[in-house]
Amino acid sequence: MNNLPSILPFIQELTQQVGDRLLSDFEQARVAIAKDDGSLVTKSDRWADAYIKAALEKEFPEFGVLTEESTQILPDREWAWVVDPLDGTTNFARGIPIWGISLGLLHYGTPVFGYVAIPPLRQNIYGWSDENGSAAFFNDTPIHLPEVAPDPDALGNYFFSACSRSLEKMGRSKFPFKLRMLGVASYNILTVAIGSTIGAVEATPKIWDIAAVWVILKAIGAIWVPLEASQNIFPLEMGKDYSSRSFPTLVVSHPELLPMAQEIAKPFIPKH
């Protein structure tokens, strides 16, 4: 795989097909059941999981595939896809039109390509980063972080994205910014990439939540901080079961925001 952009047309077509079907399902009655970990799953999740997995295995027969709803052990392959077929299942099941499809491509356990489609919003965010270069796009328009960081005295005019579990951990009554919780781990973090927020924190994202977005944030130069002491997320370990592993994560748009964000995220960091 010497040319990552060459896989883009196939991934765009695949996510369009899956997104159209999920949008049709979303407009109809939805039945969700609880998995062992308490999260919800629908028939739509399982259909999308099987459809994407089969399509990827047919198009890239030498690549491995790890997905949320079926194969959660990272295959021992040079290249492997990590798939969340329906990120934001609770939103989907309860009629909230913010949910997405996430596909990340790993090379020896490290993401090099990521694509996240948000069908209800008609938003597609993707990027790649390897020795040949980096780029990121929002609906086919290149995206870049602002050259100047937000004014520290005006953070009340900016948004910061969080999940409900992270808010519980942060345990504060006041923040220097406005909080938003969208219910979709990949999109929560990607709001930094598209300029909607200045930072994001996720308490319990799984690898299928972050594999695609990590490379997109890397491509634009955002600051990604794993909230586990002295531990990098990537490369992943081949042959390891990632079904129950979480990756607490903090992301900010500019280095100048990091001290403030780390202070807020301090309760996440294990004490030794």
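The residues of the stretch 114-187 expose, per residue, 57 Å² of accessible area to a 1.4 Å probe.
When the chain is fully extended, how far beyond the present Cα-Cα distance does THR90 get from VAL148, taking 0.36 nm per residue of separation? Intermediate values should be presented prior to the final figure.
On the way: separation 58, 0.36 × 58 = 20.88 nm, distance 3.63 nm.
Taking 0.36 nm per residue and subtracting the Cα distance, the gain is 17.3 nm.
Of all the options GLN231, GLN262, GLN72, the one that moves most in a Gaussian network model of the chain with Cα springs shorter than 10 angstrom is GLN231. Taking every Cα-Cα distance in the stretch 141-272 and sorting them into 5 Å bins starting at zero, the pair-distance distribution P(r) comes out as 2, 10, 22, 25, 21, 13, 6, 2, 1, 0 percent.
Express in nm, to one decimal, how much length is gained between MET238 and ARG46 on full extension, taking 0.36 nm for each residue of separation and deducting their alpha carbon distance. Walk me through the numbers before you get to the answer.
Numbers: separation 192, 0.36 × 192 = 69.12 nm, distance 2.41 nm.
Result: 66.7 nm gained on full extension.
Run a plain Debye calculation on the chain (Cα atoms as equal point scatterers, no solvent) and give log10 I(q)/I(0) at q = 0.08, 0.11 Å⁻¹, rounded to two decimals, same order as the q list. Result of the Debye calculation: -0.30, -0.58.
Using 0.36 nm times the number of residues separating THR141 and GLU228, minus their current alpha carbon distance, what extension gain do you get?
Values: separation 87, 0.36 × 87 = 31.32 nm, distance 3.39 nm.
So the extension gain works out to 27.9 nm.
When the C-alpha to C-alpha distance is required to be over 22 Å, the pairs from LYS43/LYS206; LYS174/LYS266; LYS43/LYS240; LYS53/LYS206 that qualify are LYS43/LYS240.
For the stretch 157-228, the Cα-based Rg and Dmax, in that order, read 11.7, 34 Å. Calculate the translational D of the stretch 180-221 in whole µm² s⁻¹ from Stokes-Einstein, where the hydrodynamic radius comes from the Kirkwood formula applied to all Cα pairs, the temperature is 4 °C and the viscosity 1.567 mPa s. So the translational diffusion coefficient is about 125 µm²/s.
Taken about its Cα centre, the chain carries a charge dipole of about 860 debye when Lys and Arg each add +1 at the Cβ and Asp and Glu each add -1 at the Cβ. Our summary gives the chain a relative contact order of 17 percent, counting only alpha carbon pairs under 8 angstrom and 6 or more residues apart. Helix 43-59 versus the longest principal axis of the chain: what is the Cα-based angle in degrees, 0 to 90, to the nearest 10? Rounded to the nearest ten degrees, it is 70.
With contributions of -39500 (n - 2.57) from each DSSP H run of at least four residues, the per-residue ellipticity at 222 nm computed over the chain stands at -9000 deg cm²/dmol. Leaving ligands, DNA and RNA out of it, report the carbon-plus-sulfur percent of the accessible area of the stretch 74-190 at a 1.4 Å probe. Answer for the stretch 74-190 is 48 percent, counting heavy atoms of protein chains only.
The values are calculated or read from the model by the stated rules, or taken from the named source; none is laboratory data. Source: prediction; values computed, not measured. Here the Cβ is made from the backbone with ideal geometry for all residues, glycine too, and neighbour counts use every protein chain on show. The area values use the complete protein model at the heavy-atom level, side chains included, leaving out ligands, DNA and RNA. Shrake-Rupley method; radii C 1.70, N 1.55, O 1.52, S 1.80 Å.
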